[in-house]
Amino acid sequence: MTLLLVRHCQTDWNREPARCQGWAEVELNEVGRAQARDLGRALEGRGVELIVTSHLVRARETAELLREGLGGKLPLIVDPRLAESHRGEWETRRFISIMREESEAWRQYREHPEAFRFPGGESLLAQQRRVLAGLRDCALDGRAALLVTHGGSIRLTRCFLQGVGIEAFHTTETVNGGVDEIETDALARRIDAHLGAGA
């Protein structure tokens, strides 16, 4: 069985000059809504039985449009563990301003993501642990699930799956509406072992 991880579709803040979204509530723009409708049609026939989404509005809106495209009857669960990192004082600000005004913190974020905590927010390590716990529970559920989440959550999942650590957070890219496919075979056991080792 597989889990499909979908990054939410486009918001105005994903466009340049991009802004730090984090837990800020930003709706999809018209491009993003079209992306979600197209993706829903593209996923027909994939056997999706369940949709699980982050609680943030850009993910929930993506999930609802995907659900419509898949017939409108699939169960939809909101799981805050799939959310983007809570980015505290950086949220709503343009990235270019953060780089200019907080150059040392930005350097730490880029060079040592494994040890970084967003000012007034959470660490990438804490985010990874909650995202993985959400993935584990979806794997244990046994239904083919589509998980609507965020770029940072997907990057942290890839770091875990590839065994490279959060140090590699910035070496991978995600796109709005992109899909990652994850095999669930032994996934829950791997996650439990990882979370236990980090306790």
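Taken together, the values in this text are just the output of simple stated rules run on the coordinates, not laboratory data. Please read all numbers here as calculations on a predicted model, not as lab measurements.
What share of the DSSP beta bridges in the chain is antiparallel, in percent to the nearest 5? Once the DSSP bridges in the chain are tallied, antiparallel ones form about 40 percent. Over the chain, Cα pairs under 8 Å with separation of 6+ residues give a relative contact order of 33 percent.
A value for mean projected area of the Cα convex hull in nm² was derived from the coordinates, and within the list [x] 16.4; [y] 11.0; [z] 10.4 it appears as [z].
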